[in-house]
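The values are calculated or read from the model by the stated rules, or taken from the named source; none is laboratory data. In this text the structure is predicted, and so the values were computed from the model without any measurement. Note that we place each Cβ from the backbone using ideal geometry, even for glycine, and neighbour counts take in every protein chain shown.
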């Protein structure tokens, strides 16, 4: 693991390591001072003012008409009743134009005409940061923030978008319409979108010629259709080769209660529809119609190169993970990978789709996933004649027992993993076992020390470049990979100097006792106090010693025999 080659692992009675502690010197990096021109907007200002702190402008729109590259517009606290057209761009040479809420700033559309609260068309090098965007009602195809046409280096960070009401009333929408130039280098991060009416569209959508994007750490909830969507093949861009959201990442987002208000309810929390070469990683999706879907709705469209890995998908209404074209006349999903996801008790309406459903799809890989179904019994459904898909090294479990767990393969229903293997020639290295999750019914999806998922993943997927587990920890530990979204950390030692060491270990091993001794004498082991929670996935203690000699440490199960 990071910082040390002294690691031990496993559900043993104790672990043992030895090292020399040392005193370390710490320093804090300074905060870079703000540079560039700063202009101010305040409710007490006037648009005839120069826009300084002492004489601010009155409206955000005035700033959006006047500022130049490298300028930061600080909008002072209050409620601004306006819809803003961004008519300026920054540049690579001059820098970003930043519109930033300097405190609690509400941008309200109540009583204001226009389809979009903030609209950028053919703009580049612009940041929108920290606004509460709301009250865009009676919308017919509108949004909280709408980016259209072409442009590059656009960032939407830490905004709240809500009360966008009507039809196709989206939270954040990005439409790349140019065949000559994409919308590129886009960041949508840290935003919250809720209480919106995106049906029949999506709450957060990238559509058409959009490339090199990062959609990260957003909260999307309580919307009446798809939560997050990456679309291609709809004709948004007139060049079919460029008409697809592609070459980006969707990471660390949380989506819940994204349910479609029409057509029987098939809204996914996260959806790739015609997109290409996208990594969907470390997201949590729950209480949606569908969890995560990779599809291709439009005839002739091909969704390819999508990697769905390390996600938590639980308690969704009709299915956890689903991929493929939904009918023979639709598009196809090919050459995608579904790795190390944890699907837990989905299909809560007993709709018959189970934890994972495969539709019209070819040459896809499904490995290292946990599929845990509740009393609805169904683990897998595949009703369509798909070819070349590979399912192996997965862990399957049903609360009703192995003999009653349902697998549907090419329309034929069998019960039990052995019968599924015989019918499908798939899953020769898969296992049927309780994954031993820490407390999944209360949201605890870490693996317990005795989990059969530990180190049981496919060796061929052990070195995926950049792969992380759900806690943001490296996916591979000492060359082995766990099944599911959680990678159990071994005991980890990080030296800070000659006499100081940090030790951390998984939170699921919290019952273990950390002990130290100046020698290996059994009578000298003493408990080390002072451990505390470190991030979301580990516990830690920071140890210091003035003694020049070695100290020995171990983690011991309470009640285990002495060393």
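Per the conditions (1) in contact with a helix residue (DSSP H, G or I) (Cβ under 6 Å, 6 or more places away or on another chain); (2) at pLDDT 90 or above; (3) under 24 Å from residue 280 (Cβ atoms), the sole criterion not satisfied by residue 432 is (3).
Candidates in the range 273-288 are the residues that are farther than 25 Å from residue 243 by Cβ and part of a strand (DSSP E or B); of these, the one that is nearest to the chain's Cα centre (by Cα) is 284.
Filtered by the rule that a residue be under 22 Å from residue 191 (Cα atoms) and surrounded by fewer than 20 Cβ atoms within 10 Å (Cβ to Cβ), the range 81-100 gives 81, 82, 85, 100.
Hey, any hits in the range 428-437 for a residue that's under 23 Å from the mean Cα position of the chain (by Cα) and either in contact (Cβ under 8 Å) with a residue 60 or more places away in the chain or assigned to a helix (DSSP H, G or I) (or both)? Looking for residues that are under 23 Å from the mean Cα position of the chain (by Cα) and either in contact (Cβ under 8 Å) with a residue 60 or more places away in the chain or assigned to a helix (DSSP H, G or I) (or both), one finds at least one in the range 428-437, hence yes. Note on the range 90-129: enclosed strands (runs of 3 or more DSSP E) holding 1 or more residues that are more than 18 Å from residue 39 (Cα to Cα) are 105-108, 116-121. Once the range 438-459 is narrowed to residues that are in a strand (DSSP E or B) and in contact with a helix residue (DSSP H, G or I) (Cβ under 6 Å, 6 or more places away or on another chain), the residue that is surrounded by the most Cβ atoms within 10 Å (Cβ to Cβ) is 446. The set of residues from the range 202-216 being surrounded by 24 or more Cβ atoms within 10 Å (Cβ to Cβ) and either part of a strand (DSSP E or B) or within 14 Å of the chain's Cα centre (by Cα) (or both) comprises 202, 203, 204, 205, 206, 207, 208, 210, 213, 215. Considering only residues in the range 397-427 that are touching a residue at least 24 places away in the same chain (Cβ under 8 Å) and in a strand (DSSP E or B), the one that is nearest to the chain's Cα centre (by Cα) turns out to be 397.
Scanning the range 353-378 for residues that are out of contact with any helix residue (DSSP H, G or I) (no Cβ under 7 Å at 6 or more places or on another chain) and over 16 Å from residue 293 (Cα atoms) returns 363, 370, 372, 373, 374, 375, 376, 378. Residues in the range 322-331 that are at pLDDT 95 or above and not in a loop (DSSP other than H, G, I, E, B) were compared, and the one that is farthest from residue 284 (Cα to Cα) is 323. Scan the range 136-172 residue by residue and report those that are surrounded by 24 or more Cβ atoms within 10 Å (Cβ to Cβ) and outside any strand (DSSP E or B). Selection gives 159 alone. Could you check, for the range 315-338, whether at least one of its residues is surrounded by fewer than 24 Cβ atoms within 10 Å (Cβ to Cβ), under 27 Å from residue 487 (Cβ atoms) and in contact (Cβ under 8 Å) with a residue 60 or more places away in the chain? No; the residues of the range 315-338 include none that is surrounded by fewer than 24 Cβ atoms within 10 Å (Cβ to Cβ), under 27 Å from residue 487 (Cβ atoms) and in contact (Cβ under 8 Å) with a residue 60 or more places away in the chain.
Test each condition in (1) in contact (Cβ under 8 Å) with a residue 60 or more places away in the chain; (2) more than 13 Å from residue 203 (Cβ to Cβ); (3) crowded, with 19+ Cβ neighbours inside 10 Å for residue 271 and report the one that comes out false. Among (1) in contact (Cβ under 8 Å) with a residue 60 or more places away in the chain; (2) more than 13 Å from residue 203 (Cβ to Cβ); (3) crowded, with 19+ Cβ neighbours inside 10 Å, the lone unmet condition for residue 271 is (2). Within the range 112-135, not a single residue is under 20 Å from residue 234 (Cα atoms), touching a strand residue (DSSP E or B) at 6+ places or on another chain (Cβ under 9 Å) and crowded, with 24+ Cβ neighbours inside 10 Å. Summed over the range 251-270, residues that are under 15 Å from the mean Cα position of the chain (by Cα) and not in a loop (DSSP other than H, G, I, E, B) total 7.
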